[in-house]
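> Just dropping this structure here.
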Amino acid sequence: MSRSTRRGAFAAATVALALTTAACSSSDSGSSDPTTSSSSTTAGSVAFQPQHKGGTLKLVAHAAAGSLDPQVNYTLQYWQLYQSMYDGLLSFKKVGGQESFTVVPDLAAAMPKVTNGGKTYTFTLRKGITFSNGKALTTDDVVASFQRIFKVSSPTAGTFYNGIVGATACLKTPASCTLKGGVTGDATANTVTINLTAPDSEFPYKLAVPHASIVPKDSPTKDAGTKPLPTTGPYMAASYDPNRELKLVRNPHFKEWSREAEPQGYPDQIDYTFGQTVESEVTAVENGEADWMFDPPPADRLNEIGTKYTSQAHVNPLTAFWYATLNVNSAPFNNKLARQAINYAVDRSAVVRLYGGTNLASPACTILPPGFPGHVDSCDYTKGGGKTWTAADLAKAKALVKKSGTAGQAVGIVVQDDDVNKSIGQYLQSLLTQLGYKATLKPLSANIQFTYIQNTKNKVQLALTSWYQDYPAASDFLNVLFSCAAFHPGSDSSINISGFCDKGTDAKMQTALKTAQTDPTAANKQWGAIDQSIMQQSPVVPLINPKIIDFTSKRLGNYQFSKQFYMLVGQTWVK
Amino acid sequence: MGQVSTAAPELATVEARRPPGPWRTAGADLLHNRSALAAAVVLFLVVLATLCAPLYAHHVAHTDPFQSHVSGSTVADGKTVPVLTPSSTGLGLGVTPIGPTWDPAHYFLGADNQGRDVMARLLYGGRTSLFIGFTAALLTCALGTVVGVVAGYAGGVVDAVISRVLDVIWAFPVYLLAICLSVVLLTDGLHLGPLTVEAGSLWLPVAIIAAIYVPYIARPLRGQVLVLRNKEYIQAAIGSGAPTVRILRREVLPNVLPTAIVFVPLMTALAMLTESALSFLSVGVQPPDASWGTIIEDGLGLLYTRPAVTIAPGLLIALTTAALNVLGDGVRDALDPGARLRGGV
Amino acid sequence: MLRFIVKRFASALLVMFAISVLVFLIFFATPGVDPAARIAGRNADPATLAQVRHSFGLDRPMPIRYLLMMRHLLIDRDLESFVNRGSRVIPQIVQATPVTLSLVIGAALIWMAAGIIMGTAAAALRGKAADPLIMLVGVVGVSLPAYWLGEVVNLITQKQLHSSVFSWVPPPGYVDLSHDPGQWALHLLFPWLTLALLYAGIYARLLRGEVVTALNEDYVRTARAKGLSERRILIRHALRCSLIPIVSLFGLDFGALVGGAALLTEVVFGLPGIGKLTFDALQNLDLPVIMGTVLYAAFFVVLANALVDILYARLDPRARHA
């Protein structure tokens, strides 16, 4: 089982590598620092360079990302930091480039032994690992951490870890969660056994994300919030104030056990300060007062960064897509022709411009992003046909609207109220008006919008949103976003925002999930076909695949980009 | 003047026999106040310009300022150039809209991030800002007068209840109350029985701004009415059994109305500033409508490359509110020198 | 007098209570605002969602929810933020207070000095060309949108002229007074000036009016008849009496600003004060923090109002019945 999964990731990696070479080149040409370009292509880990050790790495962000608890926080902002703080049994390889999608043993000494038809995973723990509070890591900590996922109502408790035996009871009454028969430790043999109710080809990925981090068994059984939990990795949090600063210092008990799973870090201290405007973040990095900014630089600074600071800007494509959801259960988009019309009409190159230009985003026409397992180039909605999107077909769109008889109907567009989202929303509103709809735009605070558009009670017809992968598997886009099970009418948590529920597609997805257990390549082919068949129904309008720009200070070196968790913070050096 | 007298000759003759009333003296005072006159001229020009917005957009600039032109092109210095130019040097990051061309026919003040003509949007935005400022001010003053007079005249429980409500609004920090209300109303619109206001409607900011400033008007007026009510001639009128409505209309209103009117221009200025601040926090006017505040907010994303988009609407707000304040001071000096709006926001 | 103070105090409590109920009701009237879905994550299953709702007490009836929140805020003083769990509301407010005080006290000193000088000068020079000019400066100050002024100041000092005239201006942000007094003042200089510009005009205009009225009063004429110098009359007599309404307006403004009314200035200049805290909480729809900051702000407004009223009541017994 585990072997096949690793092969799966590897197979995906080769496909992806071929597809993203063009996209990656922009990053490489941009960075004059030789370590950057070489590190993102070399596989494997480079030896530690002690001459660069030390100093304080200064990071800035507009806002903190909430709770510091690795089993609760579900933001890329802190998942990025957890790479060099917390460890699970398995982890994603801490390297740049495509290799970063590979799962490797971390607190486990080796990849698990998989038996019982893919339902039983047996891990042997590494010896001599100590938490930052000085206590040794034991099998009890591992068992308690899995229970804790449910006790703290981790965001993914019911979606990633519900396949563990005993999870159903834990979801119902978290306080008394034992995962009896699900997760058991054997202290003498130093092993942990996990039993699943059904085989799950994606389980190793789920063990490698921060929610499955191992924390001490006496950790509070509620969200630890701003009180940092002891870590196993090279850094630990010394203090955290979400309005001011997060301070990471070296974990005095850390000894490097596996360079690819958890390499030791270069800076002695990492200061992450919050609260500045994004404009002043850019200025701070330009002046060397900060080493890296979390937020995407604002539109009016991009040109300056791209011309005056070429060696300090690193651009990398993300496995994510921005898309517009069309509510298939209410007028006018309960009409397939009307939905297809929008897909034909949207000028992706205009959206790319609004996002920051061709080097920061590329037009999208499929659900699975390029370079992602299962992605196949195909585009039903481009002018003149073709495998990729080239131009919008406004004439065809207008004809389809006419044919559908939906012209003149009111359409509300709901977007987040930040600059980029709002400007794309304004473009969509203007476009729908052109198509003959009475389009209105409703920009909402980012905090409301995402739950607002999910709840069917709010009768949202068209919403702008995005999806960033949790782990590199096609089901993380298709099954999560388009299955009937992901549609919960009347609930704030209904990620199938279009309300697309098709029995045939659901059955195909179940088959693909099964196939993945034995033959990942065949499964990915199936996922590619599912992507195309969903797109024919047009429940969403894929707009762009974004790229991320990391703007770093002059002194920052050894920039490496993990496709899974982004810039490897602990691996950068400032000396 | 001649035309007026033919329309209402009786009125004119009646007026002529009386000594000049307080309104006429005030009018004469105002006409002699040079700064107030200058302010009125400035205001008139601003209003005139915004009224010409469609004329400018359709016949001079030939553009629809509410339509995105992300992939459009225009003419500058006789050459065809894209409205939004993607950067082509270095890493090629970012897209820059065309800057001011100083050519009224082609993007006089440049374009915003949607490729829309900033000049045309300024004119249309001015209509929205002035509309919101003026209607909100009228509404506040009307509402404030009614509330203040009722509370001051009725006294007792009515006064106590109204005063406490006013205290609550007063103690609620202005922007916090406005933002709180906006967040709710912008999400769901306003539903008050048969009255429904859509979430994107301009009447929402009007209603919100009018509501939060009511105590600014009602409190001083209530105080005035309280003093009036104890005056002998009103006590006498009450004692003689005159109907309340008549006392209010004949004796109370004429006394408080000058104060209420004094507040209108000052309140308009305050309402315009508040509207722009709410729009800046993106809880004011909603797209596709534009106001000077929303143009500033759109422009902040371009501050470092195209500062004109931010600076121009800000200057217009400053000019208009300054004119309103000067005019308001003039009206105050003429009508009711003691009247004072709570200073500062 | 004591009865008056007690009455004033009771009505203040009532106002604070009404405000807290209002905030609570407005918050839960917003669709999509339920923090549970945001906390539970982007694809939470219904069971997890229900658990999160339960752990925050969001499944309880509204009045209970309200009472619990107020108990945690005021009695136990351990109310926690919805967004940053574990971070308590009261310490956040305590931490933000010195920042706002630094901003407001500094700005107030500048605008009072500028306002008094401008107002007195304009009154003394009335009828001359300088008077309307000074007043024009005042009007412009009052008419500028605060956030816009801040952004333009930032643009000029951080970008346009940063390499030449303003190279000494530090990036936006705050440095503690105890940490480095010089940097503290340097970081606050432009926020002070910006805020002061917005207020100085109001005070100058008000003061000019008062001084002009006072100069026509009998006691000033008497003083003049006694042969006192114009300067002495202006400063010792006219100005002194004119300051009373100024001080009461100052009380109200200062109370509002300390409570967070300088929100826009704090946001634009990245100062982590009460206003910024409130703004962030509103952006995050973090009810516990919104509740805390709104009540904090209301407290200062109510307090300032009460103090001004009591001051007036002391000066003029008739006002007690008004």
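The values are calculated or read from the model by the stated rules, or taken from the named source; none is laboratory data. Model, not experiment: these values are computed from the prediction. Every residue, glycine as well, gets a Cβ built from its backbone with ideal geometry; the counts of neighbours run over all protein chains shown.
> Inside the stretch A:383-415, can you point out the residues that are more than 24 Å from A:Asn545 (Cα to Cα) and assigned to a loop (DSSP other than H, G, I, E, B)?
Passing the criteria: A:Gly405, A:Thr406, A:Ala407, A:Gly408, A:Gln409.
> Could you tell me which of the residues A:Thr440, A:Thr518 is within 9 Å of another protein chain (Cβ to nearest Cβ), at pLDDT below 95 and surrounded by fewer than 24 Cβ atoms within 10 Å (Cβ to Cβ)?
Testing whether each residue is within 9 Å of another protein chain (Cβ to nearest Cβ), at pLDDT below 95 and surrounded by fewer than 24 Cβ atoms within 10 Å (Cβ to Cβ) leaves just A:Thr440.
> Looking at the stretch C:305-322, can you tell me whether even one residue there is more than 9 Å from every other protein chain (Cβ to nearest Cβ), surrounded by 22 or more Cβ atoms within 10 Å (Cβ to Cβ) and at pLDDT below 90?
No.
> Related question: Which one of these is of a type in the set (S, T, N, Q) and touching a residue at least 24 places away in the same chain (Cβ under 8 Å): C:Gln51, C:Gln92?
Matching residue, one of C:Gln51, C:Gln92: C:Gln92.
> Do you know which residues across the stretch B:182-199 are of a type outside the set (Asp, Glu), within 22 Å of the chain's Cα centre (by Cα) and either facing chain C (nearest Cβ under 7 Å) or not in a helix (DSSP H, G or I) (or both)?
Residues satisfying the conditions are B:Val183, B:Gly189, B:Leu190, B:Val197, B:Ala199.
> Hey, which of the strands (runs of 3 or more DSSP E) in the stretch A:234-342, taking only ones fully inside, have at least 3 residues that are closer than 30 Å to A:Tyr452 by Cβ?
Per the criteria, A:320-326.
> Among the residues in the stretch B:302-319, are any within 11 Å of chain C (Cβ to nearest Cβ), closer than 30 Å to B:Val149 by Cα and either within 20 Å of the chain's Cα centre (by Cα) or part of a helix (DSSP H, G or I) (or both)?
No, there is no match, as no residue in the stretch B:302-319 is within 11 Å of chain C (Cβ to nearest Cβ), closer than 30 Å to B:Val149 by Cα and either within 20 Å of the chain's Cα centre (by Cα) or part of a helix (DSSP H, G or I) (or both).
> Out of C:Leu103, C:Leu109, which single residue is surrounded by fewer than 19 Cβ atoms within 10 Å (Cβ to Cβ) and within 19 Å of the chain's Cα centre (by Cα)?
C:Leu109
> Continuing with the same structure: Name the residues in the stretch A:235-250 that are crowded, with 21+ Cβ neighbours inside 10 Å and away from every other protein chain (no Cβ under 14 Å), would you?
A:Tyr235, A:Met236, A:Leu248
> Can you pull out every residue in the stretch B:155-195 that is out of contact with any strand residue (DSSP E or B) (no Cβ under 7 Å at 6 or more places or on another chain) and of a type in the set (S, T, N, Q)?
Result: B:Ser163, B:Ser182.
> A further question on this structure: With B:Val46, B:Val75, B:Val81 as the choices, which residue is among the aliphatic types (A, V, I, L, M), surrounded by fewer than 22 Cβ atoms within 10 Å (Cβ to Cβ), outside any helix (DSSP H, G or I) and in contact with a Ser or Thr (Cβ under 7 Å, 6 or more places away or on another chain)?
B:Val81
> Select, from C:Leu186, C:Leu193, C:Leu177, the only residue that is more than 11 Å from every other protein chain (Cβ to nearest Cβ) and either part of a loop (DSSP other than H, G, I, E, B) or touching a Gly at 6+ places or on another chain (Cβ under 6 Å) (or both).
Residue meeting the stated conditions: C:Leu177.
> Inside the stretch B:162-177, can you point out the residues that are of a type in the set (A, V, I, L, M) and within 11 Å of chain C (Cβ to nearest Cβ)?
Across the stretch B:162-177, the qualifying residues are B:Val165, B:Leu166, B:Val168, B:Ile169, B:Ala171, B:Val174, B:Leu176, B:Leu177.
> Considering only residues of the stretch A:416-427 that are part of a helix (DSSP H, G or I) and more than 9 Å from chain B (Cβ to nearest Cβ), which is surrounded by the most Cβ atoms within 10 Å (Cβ to Cβ)?
A:Ile424
> Now for a different question. With modelled with pLDDT under 90, under 20 Å from C:Leu207 (Cα atoms) and facing chain C (nearest Cβ under 8 Å) as the only criterion, which of B:Arg332, B:Arg340 stands out?
So the residue among B:Arg332, B:Arg340 that is modelled with pLDDT under 90, under 20 Å from C:Leu207 (Cα atoms) and facing chain C (nearest Cβ under 8 Å) is B:Arg340.
> Hey, another quick one. Please specify each residue of the stretch A:158-201 satisfying the condition of being buried (at least 21 other Cβ atoms within 10 Å of the Cβ), within 23 Å of A:Gln517 (Cβ to Cβ) and within 11 Å of chain C (Cβ to nearest Cβ).
A:Gly158, A:Thr159, A:Phe160, A:Tyr161, A:Ala167
> Being under 16 Å from B:Ala207 (Cα atoms), more than 11 Å from chain C (Cβ to nearest Cβ) and modelled with pLDDT of 90 or more is the filter here, so list the residues in the stretch B:265-290 that pass it.
B:Met267, B:Thr268, B:Ala271, listed by residue number.
> Check whether at least one residue in the stretch B:242-260 is closer than 21 Å to C:Ala262 by Cα and assigned to a helix (DSSP H, G or I), and report yes or no.
No, the stretch B:242-260 has no match at all.
> Let me ask something else. Considering the stretch C:20-74 alone, what residues qualify as being within 8 Å of chain A (Cβ to nearest Cβ) and at positive phi?
Result: C:Gly32, C:Gly41.
> Output the number of the condition that C:Leu252 fails; it satisfies all remaining conditions of (1) more than 10 Å from chain B (Cβ to nearest Cβ); (2) under 12 Å from the mean Cα position of the chain (by Cα); (3) of a type outside the set (S, T, N, Q); (4) surrounded by fewer than 22 Cβ atoms within 10 Å (Cβ to Cβ).
(1)
> Would you check which residues across the stretch A:456-512 are within 12 Å of chain C (Cβ to nearest Cβ), in a loop (DSSP other than H, G, I, E, B) and among the aliphatic types (A, V, I, L, M) and list them?
A:Val460, A:Ile495, A:Ile497
> Only one of (1) within 13 Å of another protein chain (Cβ to nearest Cβ); (2) basic (Lys, Arg); (3) on the phi > 0 side of the Ramachandran plot fails for C:Arg77. Which number is that?
(1)
> A:Gln276 passes all but one of (1) more than 23 Å from the chain's Cα centre (by Cα); (2) within 14 Å of chain B (Cβ to nearest Cβ); which number fails?
(2)
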